[in-house]
Amino acid sequence: MDTARITEILTDPVTVDLVERQPITQIAYAAADGSPRVVPLGYLLREGKFLFFTIPGSDKVAALRHDPRIALSIDVYPPPCCLLVRGTAELREEDGVPGEYLEASFRTMPQDQHAGFEEQVRALYDSMVRIEVTPTWVRLNDFQRTAPRAVERLLQAKQG
């Protein structure tokens, strides 16, 4: 999929609203033993890239270093709307607790819990791994303009 089309979908007002409304994404990747894994994570979308953070000893770090292919889904109901993404993960260890990790985490909790959460993670984590996903394919299914491809093909067959 070309970069211009990816950018168009990621900056579509429906996508922007979806990302603002849903602070958790599901990521999928191949574990070290080759079996599939799906994990919910807080995230940020910055300049067309998805950012996640985890601890260096996480199983997903070892798996993504071995095979950086990753997929993610951001979805809300009702009405149904989902963004599907495939891409490549780049990993980099950073000292301490990155501000972007806190920003992503704060999206998932009430403001009065931010200070306590930040104090807790700063005491626990000496470093974190930044996972930056560059999309290579995206699809927005808003069920108004677009739907899953199988549904679209069925509709075309019924109309034609």
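Some notes on this structure:
- Residue count for the stretch 72-83, restricted to those that are of a type in the set (A, V, I, L, M) and surrounded by fewer than 17 Cβ atoms within 10 Å (Cβ to Cβ): 1
- Selection over the stretch 133-160 of residues that are out of contact with any Leu (no Cβ under 6 Å at 6 or more places or on another chain) and not in a loop (DSSP other than H, G, I, E, B) gives a count of 18.
- Residue list for the stretch 20-36, restricted to those being part of a strand (DSSP E or B), farther than 16 Å from Leu84 by Cα and in contact with a helix residue (DSSP H, G or I) (Cβ under 7 Å, 6 or more places away or on another chain): Ala30
Rundown of residues vs (1) in a strand (DSSP E or B); (2) in contact with a strand residue (DSSP E or B) (Cβ under 9 Å, 6 or more places away or on another chain); (3) of a type in the set (Asp, Glu), yes/no style:
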| position | (1), (2), (3) |
| --- | --- |
| Gly57 | no, no, no |
| Lys60 | no, yes, no |
| Ser73 | yes, yes, no |
| Pro78 | no, no, no |
| Val85 | yes, yes, no |
| Glu94 | yes, yes, yes |
| Tyr101 | no, yes, no |
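- Taking the criterion of being of a type in the set (Phe, Trp, Tyr) and either modelled with pLDDT under 95 or within 19 Å of Gly99 (Cβ to Cβ) (or both), the residues of the stretch 16-51 that qualify are Tyr43, Phe50.
- Of all the numbered requirements in (1) of a type in the set (D, E, K, R); (2) closer than 18 Å to Leu44 by Cβ; (3) surrounded by 14 or more Cβ atoms within 10 Å (Cβ to Cβ), Asp142 misses one, and that requirement is (2).
- The condition (being over 15 Å from Thr134 (Cα atoms) and either of a type outside the set (A, V, I, L, M, F, W, C) or part of a loop (DSSP other than H, G, I, E, B) (or both)) is satisfied by just one residue among Thr15, Thr7: Thr15.
- When Glu103, Glu118, Glu93 are checked against the criterion of being within 18 Å of Ser58 (Cα to Cα), at pLDDT 95 or above and surrounded by fewer than 17 Cβ atoms within 10 Å (Cβ to Cβ), a single residue qualifies: Glu93.
- Taking the stretch 123-139 as the range and being within 11 Å of Pro98 (Cβ to Cβ) and either surrounded by fewer than 15 Cβ atoms within 10 Å (Cβ to Cβ) or modelled with pLDDT under 95 (or both) as the test, only Ser127 passes.
The values are calculated or read from the model by the stated rules, or taken from the named source; none is laboratory data. These figures come from a predicted structure and were not determined experimentally. All Cβ positions, even for glycine, are placed from backbone atoms using ideal geometry, and neighbour counts span all protein chains on display.
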